[in-house]
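Trainee: Following this message is one structure expressed as structure tokens.
The values are calculated or read from the model by the stated rules, or taken from the named source; none is laboratory data. As the structure is a computational prediction, the values presented were derived from the model and not from experiment. Every residue, glycine among them, receives a Cβ derived from its backbone with ideal geometry; neighbour counts consider all protein chains shown. Side chains are part of the model used for accessible areas, which takes the heavy atoms of the whole protein and leaves out ligands, DNA and RNA. Shrake-Rupley method; radii C 1.70, N 1.55, O 1.52, S 1.80 Å.
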Amino acid sequence: MLDVRMIRANPEAVREGIANKGAAADLDRWLQLDGVHRRALSEWEDCRQALNAAGKGIAEKKKAGENAAKEIEALRDTKAREKELKSEIDRLTEEMGEILVRVPNLPADDVPVGPDESGNVEIEQVGEPREFPFTPKPHWDLGVELGILDIEAGARIAGSGFPVLLGDGARLERALTQFMLDLHTDERGYTEVAAPHLSRAESMVNCGQIPKLEADMYRCEKDDLYLIPTGEVPLTNLHRDEILDGARLPLRYTTATPCYRREAGAAGKDTRGLIRVHQFEKVELVAFTKAEESETELLYLRKNAEEVLKRLGLHYRVVALCTGDLSFAGRRTYDLEVWAPGIGRYLEVSSCTVFGDFQARRARTRYRDEDGRLHIAHTVNGSALALGRTVIAVLETWQREDGTIEIPEPLVRYMGGRTSIGG
């Protein structure tokens, strides 16, 4: 959520940021309501002071044996006005909140301006695409031929978009998860969290998932809970309503969770194989930082996500998202896109994002600095990595001409010492 003081001080900059994101928010209405709200609040505070003063005056008159009927009548009128103002303030606060929760975070000043993904900027390519002496197969053919991927079984169980991994396919996904978690916890300083897979609406709002992306959520209506679309949701809400010790920041967390997404806005897109599904596993990284350290923390998080790809020997590129492709809550994002030679395209496996104080302001997560002052925390998050598409890249990159798959060296110990799938 944006700082209302910043909105009041520089509404034109806010309008420009909203427009650059291709978003819409009724900022004029909010500013109008804010003016009315501030005037009503000032009058309400005057009423409260008048009530306190009148109460003391009446008590003194009664103590002196004097008639206080006139003052008591005036007190009734002031009480009625105070109650009327409080009701109006509550109504205005609610309407202003409904508008403000739909105002997106503003892009950082140096984020490239663009309408959509066409305006994204490639920062670098890392490694070289593997050259094959044969035509590489897509993962959906490799998986079926090896007996480790069953699309039809998943469709029978839950419908399209719920593929089943079997045998070494399931073990490969588990091995990747364990490898990533061990890397982040043992070498990079993240604390592992076993997090809930269900979330209250408030936690979704704090992350910026609701109301913008509510149509993509799976909801358990009886309990008014949502299946999480990403591990970012529980991790970002770990310190909701808390005051952290600034000397302990940054606090870094990681979790492995399933992610559930209806993909309501992507019907019919990338329906083959594991590219775009309704349920997938993901290892997530989240950090709570001081304001002046958040951009540095973003680069550290990105470095850790990239390290996974480097150790797996996968070619990838880093892309800076333009304003129109940023998420609702994002201030700056770097996407990591891994090369999948079997389908001949890059696939996003991580979005590394800094949010500034946008999420923590909603979640009321603050920290106390060495000088004793309170500050809103900053948050950073990213996937490290999304498992389904990483499985795709491993299968397609390390396939052999005979249809077997070489297992990347870092995964061998997690695969029980085996060095290949199939054969």
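Trainee: Specify which of the listed residues (T404, T419, T353) is crowded, with 20+ Cβ neighbours inside 10 Å and either among the polar types (S, T, N, Q) or touching a His at 6+ places or on another chain (Cβ under 9 Å) (or both). Even if it seems obvious, please write down each step before you answer.
Mentor: Working: T404 fails: crowded, with 20+ Cβ neighbours inside 10 Å; T419 fails: crowded, with 20+ Cβ neighbours inside 10 Å.
Only one candidate qualifies: T353.
Trainee: Something else: Does the stretch 15-31 hold any residues that are open to solvent by less than 40 Å² (accessible area, probe 1.4 Å) and under 13 Å from R102 (Cα atoms), and which are they? Explain how you work it out, then say what you get.
Mentor: Step one: list which residues in the stretch 15-31 are open to solvent by less than 40 Å² (accessible area, probe 1.4 Å), which gives 17-18, 21, 23, 25, 27, 30.
I18, K21, A23, A25, L27, W30, listed by residue number.
Trainee: Could you list, in sequence order, the residues of the stretch 325-334 that are out of contact with any helix residue (DSSP H, G or I) (no Cβ under 6 Å at 6 or more places or on another chain) and open to solvent by 10 Å² or more (accessible area, probe 1.4 Å)?
Mentor: First pass over the stretch 325-334, keeping only residues out of contact with any helix residue (DSSP H, G or I) (no Cβ under 6 Å at 6 or more places or on another chain): 326-328, 330-333.
Residues satisfying the conditions are L326, S327, F328, R331, R332.
Trainee: Which ranges mark the strands (runs of 3 or more DSSP E) fully within the stretch 200-312 that have 3 or more residues being surrounded by 17 or more Cβ atoms within 10 Å (Cβ to Cβ), touching a residue at least 40 places away in the same chain (Cβ under 8 Å) and touching a helix residue (DSSP H, G or I) at 6+ places or on another chain (Cβ under 6 Å)?
Mentor: Of the strands (runs of 3 or more DSSP E) lying wholly inside the stretch 200-312, those with at least 3 residues that are surrounded by 17 or more Cβ atoms within 10 Å (Cβ to Cβ), touching a residue at least 40 places away in the same chain (Cβ under 8 Å) and touching a helix residue (DSSP H, G or I) at 6+ places or on another chain (Cβ under 6 Å) span 251-260, 279-289.
Trainee: I would also like to ask the following. Taking the stretch 1-14 as the search range and keeping residues that are assigned to a helix (DSSP H, G or I) and in contact (Cβ under 8 Å) with a residue 12 or more places away in the chain, which one is most open to solvent (accessible area, probe 1.4 Å)?
Mentor: Here is the first cut: in the stretch 1-14, the ones assigned to a helix (DSSP H, G or I) are 4-9, 11-14.
Imposing the further condition that a residue be in contact (Cβ under 8 Å) with a residue 12 or more places away in the chain reduces the set to 4, 7-8, 11, 13-14.
Values: V4: 45, I7: 0, R8: 90, P11: 31, A13: 41, V14: 0 Å².
That would be R8.
Trainee: For the stretch 356-390, give me each residue that is open to solvent by less than 40 Å² (accessible area, probe 1.4 Å), of a type outside the set (G, A, S) and either at pLDDT 95 or above or under 21 Å from V111 (Cβ atoms) (or both).
Mentor: Answer for the stretch 356-390, where residues must be open to solvent by less than 40 Å² (accessible area, probe 1.4 Å), of a type outside the set (G, A, S) and either at pLDDT 95 or above or under 21 Å from V111 (Cβ atoms) (or both): F358, Q359, R362, T365, Y367, H378, T379, V380, N381, L385, L387, T390.
Trainee: Count, please, the residues in the stretch 100-149 that happen to be farther than 17 Å from A19 by Cα, under 31 Å from the mean Cα position of the chain (by Cα) and without any contact (Cβ under 8 Å) to a residue 60 or more places away in the chain.
Mentor: Adding up the residues that qualify gives 0.
Trainee: Of all the residues that make up the stretch 400-423, how many are assigned to a helix (DSSP H, G or I) and not aliphatic (A, V, I, L, M)? It would help to see each step written out before you state the result.
Mentor: Residues of the stretch 400-423 assigned to a helix (DSSP H, G or I): 409-415.
Cutting the leftovers down to not aliphatic (A, V, I, L, M) gives us 409-410, 413-414.
The number of residues fulfilling the criteria is 4.
Trainee: Regarding the stretch 49-58, can at least one residue be identified that is part of a helix (DSSP H, G or I) and under 24 Å from the mean Cα position of the chain (by Cα)? Before the answer, list the steps.
Mentor: Of the residues in the stretch 49-58, the ones part of a helix (DSSP H, G or I) are 49-58.
Filter once more, so that each one left must be under 24 Å from the mean Cα position of the chain (by Cα): none.
No, every residue in the stretch 49-58 fails to be part of a helix (DSSP H, G or I) and under 24 Å from the mean Cα position of the chain (by Cα).
Trainee: In the stretch 67-174, which helices (runs of 4 or more DSSP H) lie fully inside it and hold 1 or more residues that are surrounded by 16 or more Cβ atoms within 10 Å (Cβ to Cβ) and touching a helix residue (DSSP H, G or I) at 6+ places or on another chain (Cβ under 6 Å)?
Mentor: Working: elements: 69-100, 139-146, 151-158.
Result: 69-100, 139-146.
Trainee: Within the set of pairs 6+ apart or on separate chains, which have a first residue in the stretch 395-423 that is closer than 15 Å to R174 by Cα, a second that is small (G, A, S) and open to solvent by 10 Å² or more (accessible area, probe 1.4 Å), and C-beta atoms under 8 Å apart?
Mentor: If the second residue must be small (G, A, S) and open to solvent by 10 Å² or more (accessible area, probe 1.4 Å), the pairs left are L395/G342; I407/S420; P408/G313.
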